[in-house]
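Q: Below is the structure I would like to discuss, written out as structure tokens.
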Amino acid sequence: MADQLTVTTERIDDVVLLLHMMMQMGLPEVLNKHLPRHWKQEGLDWGWVIVIWLSYILSEGDHRKVVVRDWVKQRSTMIAQVCGLTLRETDFTDDRLGIVLSKLSQPDYWQQIEGDLNSQTLRVYELDRHCIRLDATTVSGVHLVHEDGLFQFGHSKDDPSLPHLKAMLASLDPLGMPLATHIVSGEQADDGLYLPIFEQVRKSFPRVGLLWVGDCKMGAKATRAQIHQQQHYYLTWRGDMPCGHLASLANNQVDKKKDGLKMMYLQLTLLTMILPLYQPHLRRQLSPAQYLLLEILVHLLQTLRCVKIETLAEGLPLPILLRVAEKNTTVLILTDP
């Protein structure tokens, strides 16, 4: 009797690529290092459960637990060959995935995983670590408000009638790669969220002299003092410093009227946000005064994010004329003093 040929057909999609990327980052090993495993636990390690579950979430755009078991079963041969694993039917049940979530929700485990993953990823891909951006945002929704819950009422730019939580994110700038995430309840103020995430990310990088960028809420004296004490730089907008005063400091520097305190403040606060790739060309084409003005304008635009050209013209003490052209286009004209 001739041997029968058995053909197994499975969808690959982008799952193989996702699994290989996470394996290249060393994610299974990092997760297994920090997530405790019961000595009687059978089946896959938590690291591989999370990696395969993440491939499902990223491929399908769905975070539900109930469908993961069937999804893995339909691709079991492919996953086993790519990862070199032996899969059991009970490795991705709802209760096992729920246990994984409960472990990841503990800040101690999560922060240790983020720290090791950052070091591993930055070493593999050799990413630039000169500039780190800190920023907070809110996530609102229709939820029941409990005294010890994450969703609480507080200041929000979205819908103030809905409870929300706050997410504090540290990311590499301008790449946008997340380095750390802190999730807190929605009634907390943003000012107190900067130092904890700064300390967590700082411990991941042994070097000093990094530039930390944030909005005006990062300008609290305690936050700036801690960043300076750790031998780093900060770039933030001080709410008590109007545009006119900022430009006055710039003019003093251009006129060579060196005031030690003003010069130090300007150097620490107006560190350029122009990419290093463009700096040599711009310095050759512009005069020192023009280049410094460009730095100030870029800083204002990236910090305030809603600056109108009329506001710049009124705030900067420079000989600027406003001309309204066709289609309501406003043009700035720099004139000789």
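The numbers here are math on the coordinates, done by the rules we state, and not lab data. The structure displayed is predicted, hence computed values, not measured ones. Because the Cβ atoms are built from the backbone with ideal geometry, glycine has one as well, and the counts that use them run over all protein chains shown.
Q: Multiply the residue separation of His38 and Thr6 by 0.36 nm, subtract the distance between their alpha-carbon atoms, and state the gained length in nm to one decimal.
A: Roughly 7.7 nm would be gained on extension.
Q: Also, I was wondering about something else. Would you order Phe198, Phe151 from fewest to most other beta-carbon atoms within 10 Å of each residue's own beta-carbon?
A: Ascending Cβ contact count within 10 Å gives the list Phe151, Phe198.
Q: Per 0.36 nm of contour for each residue apart, how much would the distance between Arg88 and Gln188 grow if the chain were fully extended, relative to their Cα-Cα spacing?
A: 31.6 nm
Q: Going by how many other beta carbons lie within 10 Å of each one, how would you line up Ile99, Ile57, Ile52, fewest first?
A: Result, fewest neighbours first: Ile57, Ile99, Ile52.
Q: Moving to a separate point now. Among Val72, Val67, Val7, which comes first, second and so on when ranked by fewest other beta-carbon atoms within 10 Å? Intermediate results must be reported in sequence, preceding the final value.
A: On the way: Val72 20, Val67 12, Val7 4.
Final ranking by Cβ density, sparse to dense: Val7, Val67, Val72.
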